[in-house]
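Here's the structure we're looking at; comments come further down.
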Amino acid sequence: MSLTNQPDPEARARVVKQDLDNVIHPLLQHRALEQKQMVVTGAQGSTIVDADGTTYLDAMAGLWCVNIGYGRTELAQVAAEQMQQMAYYPHTAMNLPAAELGEQINGLMGGGYHTYFVNSGSEANEAGFKIARQYAKHEFPGDFRFKTISRYYAYHGTTLATLAAGGMGDRKGKFEPYAGEFVHVPAPTCYRCPLGLEYPSCGVACAKAIETTILGEGPQSVAEVIVEPIMSGVGVAVPPDEYLPMVEAICRKYDLLLHVDEVINGFGRTGKMFGHQHYGVSPDIMAVAKGIVSAYLPIAATVVKNHVFESFLGEVSEARQVMQVNTYGGHPVAAAVAVRNIEIMLEEKLPERAASMGAYLMDGLKAALFKHHITGDIRGKGLLLGIELVTDRESRVQLDGALVGGVVDFCRAHGVIVGRSGGGARHSNTIVLSPPLVITRSECDTLIEVLDQALAATVAKLAGA
Ligand SMILES: Cc1ncc(COP(=O)(O)O)c(C=O)c1O
């Protein structure tokens, strides 16, 4: 029995039982799911509908990914046509949509790039690590360059290597040990500086720490540095403007590849097509996913600069080719949908819209939320925002986790889905927002109003405690 947008309690109850009896869900405690679930059956624009008829403003665009918004039925048409024409053939052969998508991405980067297709952001970063290592074997045969420098509290994916690259203890702890090829440095989380410094008198010491670390490890053992330009999962950490150029200069000085994770930042989210474009740097490797197809189908990619690509050229006997394969890499149906998704983004100027609507949302949030003493910081770029909650603004002590969770629950109970940062005891006190780039002004107003009420209720709880 299929569910529609109409409330259907019986069908909903059947699905819930069927699911609880048979399915494992990510991150959620199943005991809690037995008490309360969402069964999403419809979606349009920035709104999703539960089978019980409740609608929610989805201020997280799913998992930071439905950039063009829900309900674009023309993408279903594109998928159907491609499926009828040619549903699949492995990407060891060429296909039309993947070639077109590669050209589109190269154009968005201003030329000079080639794209390797995979299925998820995790795989895009994994492929990036492998490309960096293989490149180092080709280009520095006398060295043993295999390490990746990454930042504490970063999130780069869910596979073992991407977890090892990431720096979120609560996400990675259960799977330890890791093999040790990912070396961590302090992140530019300025509101809660890991070095106890203040910008600008810090001199961007966190970027300088990358060089110290490379020297300590031995530059001949390091292949690359991975950064998410604006760190999302840790509570939207916007780095100082000099940070990424400094990281790039260090990479150039030691012949390391700059690997940029644009899985969330990319495709308009931050007000430009890619997050690194705010900072004038030029990545050697770029991982993209999510917004590339606005989650209408799974597809992701590792985009490499031509000097990296050229390292993989040679005679067949030299075996310099990219030594990896994914069954679904370059899937023609997903690629065709991604091509149209990006066209829509360009036609509707969604990156520009993210910049202007993000500024509107930021101003509204600041005006409404700073009146609550638990609002510590409001930050972000475009439609990627974070509201850090504290016990009081002076001490910056993190608001108790249960109260932060209470804000998320309050919003949901009032029809708005917001997210919460990861990062354990140090960083999980930020409410994060990443709505579809088509969110309207009146939806922004609703979001601000509900957050205002949620913080007022939290302040009242604190006062009563
Ligand atoms: C910055 C970043 N990189 C990589 C990933 C992994 O992407 P996926 O979940 O598609 O594997 C995520 C997922 O949220 C992410 O936020």
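The values are calculated or read from the model by the stated rules, or taken from the named source; none is laboratory data. Keep in mind the model is a prediction, meaning the values are calculated, not measured. Because the Cβ atoms are built from the backbone with ideal geometry, glycine has one as well, and the counts that use them run over all protein chains shown.
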Being assigned to a loop (DSSP other than H, G, I, E, B), modelled with pLDDT of 95 or more and hydrophobic (A, V, I, L, M, F, W, C): is that true of LEU313 here? yes
In the range 178-195, anything at pLDDT 95 or above, among the aliphatic types (A, V, I, L, M), more than 13 Å from the ligand (Cβ to nearest atom) and part of a loop (DSSP other than H, G, I, E, B) is listed as LEU195
Go through the range 207-229 and give me each residue that's farther than 12 Å from ARG151 by Cα and within 16 Å of the ligand (Cβ to nearest atom). GLU224
If I go through the range 380-410 residue by residue, how many of them are in a loop (DSSP other than H, G, I, E, B) and touching a residue at least 12 places away in the same chain (Cβ under 8 Å)? 7
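Would you point out which residue out of LEU437, LEU451, LEU447 is of a type outside the set (Asp, Glu) and either touching a Lys or Arg at 6+ places or on another chain (Cβ under 7 Å) or not in a helix (DSSP H, G or I) (or both)?
Working: LEU451 fails: either touching a Lys or Arg at 6+ places or on another chain (Cβ under 7 Å) or not in a helix (DSSP H, G or I) (or both); LEU447 fails: either touching a Lys or Arg at 6+ places or on another chain (Cβ under 7 Å) or not in a helix (DSSP H, G or I) (or both).
Testing whether each residue is of a type outside the set (Asp, Glu) and either touching a Lys or Arg at 6+ places or on another chain (Cβ under 7 Å) or not in a helix (DSSP H, G or I) (or both) leaves just LEU437.
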Test of understanding: among LYS366, LYS349, which residue is surrounded by fewer than 20 Cβ atoms within 10 Å (Cβ to Cβ), out of contact with any His (no Cβ under 9 Å at 6 or more places or on another chain) and on the phi < 0 side of the Ramachandran plot? LYS366
Per the filter on the range 110-125, residues over 15 Å from the mean Cα position of the chain (by Cα) and either within 12 Å of the ligand (Cβ to nearest atom) or surrounded by fewer than 19 Cβ atoms within 10 Å (Cβ to Cβ) (or both) are GLY110, GLY111, GLY112, HIS114, VAL118
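So which of ARG14, ARG72 ends up being within 24 Å of ILE299 (Cα to Cα), among the basic types (Lys, Arg) and away from the ligand (no atom under 16 Å from the Cβ)? Even if it seems obvious, please write down each step before you answer.
On the way: ARG14 fails: within 24 Å of ILE299 (Cα to Cα).
Of the residues listed, the single one that is within 24 Å of ILE299 (Cα to Cα), among the basic types (Lys, Arg) and away from the ligand (no atom under 16 Å from the Cβ) is ARG72.
Helices (runs of 4 or more DSSP H) wholly in the range 1-108 with at least 1 residues that are under 27 Å from the mean Cα position of the chain (by Cα) - which ones? Outline the logic, then answer.
Numbers: elements: 9-22, 30-35, 61-64, 73-86, 96-108.
Because the criterion is at least 1 residues that are under 27 Å from the mean Cα position of the chain (by Cα), the helices (runs of 4 or more DSSP H) in the range 1-108 that meet it are 30-35, 61-64, 73-86, 96-108.
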Please work out if ALA354 is surrounded by 24 or more Cβ atoms within 10 Å (Cβ to Cβ), more than 16 Å from the ligand (Cβ to nearest atom) and in a helix (DSSP H, G or I). yes
Cβ-Cβ below 7 Å, separation at least six or inter-chain, first residue in the range 192-209 and in contact (Cβ under 8 Å) with a residue 60 or more places away in the chain, second assigned to a loop (DSSP other than H, G, I, E, B) and surrounded by fewer than 18 Cβ atoms within 10 Å (Cβ to Cβ): which pairs? none
Please specify each residue of the range 252-272 satisfying the condition of being in contact with a helix residue (DSSP H, G or I) (Cβ under 9 Å, 6 or more places away or on another chain) and either free of Cβ contacts under 8 Å to residues at least 12 places away in the same chain or away from the ligand (no atom under 16 Å from the Cβ) (or both). LYS253, TYR254, ASP255, LEU256, LEU257, GLY271, LYS272
Please go through the range 379-392 and pick out each residue that is modelled with pLDDT of 95 or more and farther than 25 Å from VAL438 by Cβ. GLU388, LEU389, VAL390, THR391
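Considering only the range 148-178, how many residues are among the basic types (Lys, Arg) and either under 23 Å from CYS190 (Cα atoms) or buried (at least 22 other Cβ atoms within 10 Å of the Cβ) (or both)? Working first, answer last.
First pass over the range 148-178, keeping only residues among the basic types (Lys, Arg): 151, 171-172, 174.
Next cut, either under 23 Å from CYS190 (Cα atoms) or buried (at least 22 other Cβ atoms within 10 Å of the Cβ) (or both) only: 151, 171.
Counting residues in the range 148-178 that are among the basic types (Lys, Arg) and either under 23 Å from CYS190 (Cα atoms) or buried (at least 22 other Cβ atoms within 10 Å of the Cβ) (or both) gives 2.
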Looking only at the range 24-44, how many residues end up being touching a helix residue (DSSP H, G or I) at 6+ places or on another chain (Cβ under 8 Å) and surrounded by 15 or more Cβ atoms within 10 Å (Cβ to Cβ)? 3
Please work out which one of (1) in contact (Cβ under 8 Å) with a residue 24 or more places away in the chain; (2) under 24 Å from ALA425 (Cα atoms); (3) part of a loop (DSSP other than H, G, I, E, B) is the condition ASP241 fails and give its number. (2)
By residue number, the members of the range 130-177 that are part of a helix (DSSP H, G or I), of a type in the set (Phe, Trp, Tyr) and within 16 Å of the ligand (Cβ to nearest atom) are PHE175
With the requirement that a residue be in contact (Cβ under 8 Å) with a residue 60 or more places away in the chain and either surrounded by fewer than 16 Cβ atoms within 10 Å (Cβ to Cβ) or among the small types (Gly, Ala, Ser) (or both), what does the range 445-458 give you? ASP445, GLU449, ALA456
Give all pairs with beta carbons closer than 6 Å in which a residue from the range 60-89 that is touching a residue at least 12 places away in the same chain (Cβ under 8 Å) and closer than 13 Å to LEU437 by Cα meets a residue that is of a type in the set (A, V, I, L, M, F, W, C) and outside any loop (DSSP other than H, G, I, E, B); count only pairs at least 6 apart in sequence or on separate chains. MET60/ILE417; ILE68/ILE344; TYR70/ALA43
